[in-house]
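Trainee: Below you'll find the structure I mean.
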């Protein structure tokens, strides 16, 4: 009995020790919200000045590779904060470097700065003063939020262990800016272990969303070349039977119809898919676990047809979520055509254009969204299950070098590039608060 009592007491001590250890460990991981209270107050204090900056960017928008005035404004602002600044990287790219109190992790934040060519009338009183150019995608807001984060974090430099790089990227709209900055030696200057960015989205102010892995669909242009093509009238005048021609040549209309039907057999979407308003539909949109935008392969019609001599070129724009399915498609089509009556007509099948897509690091996505929820509440983040189409971002090129996360920030009334695109400026405050807090917490994570 005594031995049993000793054993039992020993077990209790061990269990108690484990509990105390676990409790202490949990306490050490409890978020210290005092810094985030300061971040929120400081953001409120500079909000009006940020609105002025955003409106200035909006009134004087600059197209890709022409962002001279915008970059000068950004440079002046960062220098006034005391940051080290590099300019003219990959064109009008600007880099601000904020070094903390001690060595530590290196994190990068990217904001795109170029505007978009548009003749649609501006909807705000501070309308664009540059004819045919508008910030119809929200980059004026993105740049302002980037400056706001730099401002807030520079105020708390003494609490930062590590370095933050603020990348203000030109030419996102042409999908060239990120590559040009990289080619110009950006990653010879900086060495981040993580990189982040955001984009406006037609969601309520106060929420963000993101997801692991692919954020946008993959885009490809497929070109199918068929040879030995004859005109329909030549076919019917000789044989009086459509689609049959001597010497292996085939009727043009029949070939086109065959290719169209073949491509459609790989299509996985219906008419609902193509209505982009459905992206936000709670029943079938990206916030629903059963989203129709979760896994798809879709082909945009009409196909482009080009005829030269007896060679028929059919160009097909496709989008999809599974890169393996996309990459294997040309070979599957080739095998199918080789087993069809048009085998002798096949000249070639290839992709002529391909772009990478934003692909979020799974671990960083989970951790950063959890951090924002922990600081700003569960309702600050809404889930995303689908993969958006009709958009992309060359932030993907940065992710080839550094793992990172691309967020969507609520605050616009419609999809970017649409004629009535407008922003609720309160989202600037939200973006600065959420992501200043997120970066502060990431710098604590070794």
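The values are calculated or read from the model by the stated rules, or taken from the named source; none is laboratory data. Since we're looking at a predicted model, the values are computed, not measured. With ideal geometry, Cβ positions are generated from the backbone for all residues, glycine too; neighbour counts draw on all protein chains shown.
Trainee: What about residue 439, is it in contact (Cβ under 8 Å) with a residue 12 or more places away in the chain, buried (at least 21 other Cβ atoms within 10 Å of the Cβ) and under 18 Å from residue 367 (Cβ atoms)? Can you show your working first?
Mentor: Working: in contact (Cβ under 8 Å) with a residue 12 or more places away in the chain: yes; buried (at least 21 other Cβ atoms within 10 Å of the Cβ): yes; under 18 Å from residue 367 (Cβ atoms): yes.
Criteria met by residue 439.
Trainee: Turning to a different aspect of this structure: Please verify whether residue 317 is under 20 Å from the mean Cα position of the chain (by Cα), in the same structural domain as residue 251 (by TED's automatic domain parsing) and either closer than 30 Å to residue 345 by Cβ or at pLDDT 95 or above (or both), treating the condition exactly as stated. Talk me through it step by step, then tell me what you get.
Mentor: Numbers: under 20 Å from the mean Cα position of the chain (by Cα): yes; in the same structural domain as residue 251 (by TED's automatic domain parsing): yes; either closer than 30 Å to residue 345 by Cβ or at pLDDT 95 or above (or both): yes.
Yes.
Trainee: Continuing with the same structure: Give all pairs with beta carbons closer than 8 Å in which a residue from segment 382-401 that is farther than 23 Å from residue 203 by Cβ meets a residue that is assigned to a helix (DSSP H, G or I); count only pairs at least 6 apart in sequence or on separate chains.
Mentor: What qualifies is 397/178; 397/179; 397/182; 398/178; 398/182; 401/182; 401/187.
Trainee: Still on this model: Kindly check whether there is at least one residue in segment 140-163 that is part of a strand (DSSP E or B), touching a strand residue (DSSP E or B) at 6+ places or on another chain (Cβ under 8 Å) and within 19 Å of residue 74 (Cβ to Cβ). It would help to see each step written out before you state the result.
Mentor: As a first pass, look at segment 140-163 and keep what is part of a strand (DSSP E or B): 161-163.
Remaining after also requiring touching a strand residue (DSSP E or B) at 6+ places or on another chain (Cβ under 8 Å): 161-163.
With the extra rule that they be within 19 Å of residue 74 (Cβ to Cβ), the set shrinks to 163.
Checked against the condition, which is being part of a strand (DSSP E or B), touching a strand residue (DSSP E or B) at 6+ places or on another chain (Cβ under 8 Å) and within 19 Å of residue 74 (Cβ to Cβ), segment 140-163 yields at least one hit.
Trainee: Here's a follow-up. Answer yes or no as to whether residue 192 is modelled with pLDDT of 95 or more and over 14 Å from the mean Cα position of the chain (by Cα). Explain how you work it out, then say what you get.
Mentor: On the way: modelled with pLDDT of 95 or more: yes; over 14 Å from the mean Cα position of the chain (by Cα): yes.
Answer is yes for this residue.
Trainee: Can I ask one more? Would you be able to tell me the number of residues in segment 39-88 that are within 23 Å of residue 438 (Cβ to Cβ), in contact with a helix residue (DSSP H, G or I) (Cβ under 9 Å, 6 or more places away or on another chain) and in a helix (DSSP H, G or I)?
Mentor: Number satisfying all stated conditions: 15.
Trainee: In segment 73-102, which residues are without any contact (Cβ under 8 Å) to a residue 40 or more places away in the chain and more than 27 Å from the chain's Cα centre (by Cα)? Before the answer, list the steps.
Mentor: Let us first name the residues in segment 73-102 that are without any contact (Cβ under 8 Å) to a residue 40 or more places away in the chain, namely 73, 75-76, 79-80, 84-85, 87-88.
76, 79, 80, 84, listed by residue number.
Residue by residue, here is whether (1) farther than 18 Å from residue 169 by Cα; (2) surrounded by fewer than 19 Cβ atoms within 10 Å (Cβ to Cβ) holds:
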{"residue": "390", "(1), (2)": "yes, yes"}
{"residue": "393", "(1), (2)": "no, no"}
{"residue": "397", "(1), (2)": "no, no"}
{"residue": "401", "(1), (2)": "no, yes"}
{"residue": "405", "(1), (2)": "no, no"}
{"residue": "412", "(1), (2)": "yes, no"}
{"residue": "426", "(1), (2)": "yes, yes"}
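Trainee: I need the full set of residues from segment 25-38 which are modelled with pLDDT under 95 and either surrounded by 10 or more Cβ atoms within 10 Å (Cβ to Cβ) or outside any helix (DSSP H, G or I) (or both), in order please.
Mentor: In the first step, residues of segment 25-38 are kept if they are modelled with pLDDT under 95; the result is 25-34.
Those that are modelled with pLDDT under 95 and either surrounded by 10 or more Cβ atoms within 10 Å (Cβ to Cβ) or outside any helix (DSSP H, G or I) (or both): 30, 31, 32, 33.
Trainee: In segment 415-435, what residues are at pLDDT 95 or above and touching a helix residue (DSSP H, G or I) at 6+ places or on another chain (Cβ under 8 Å)?
Mentor: 423, 425, 427, 428, 429, 431, 432, 433, 434, 435
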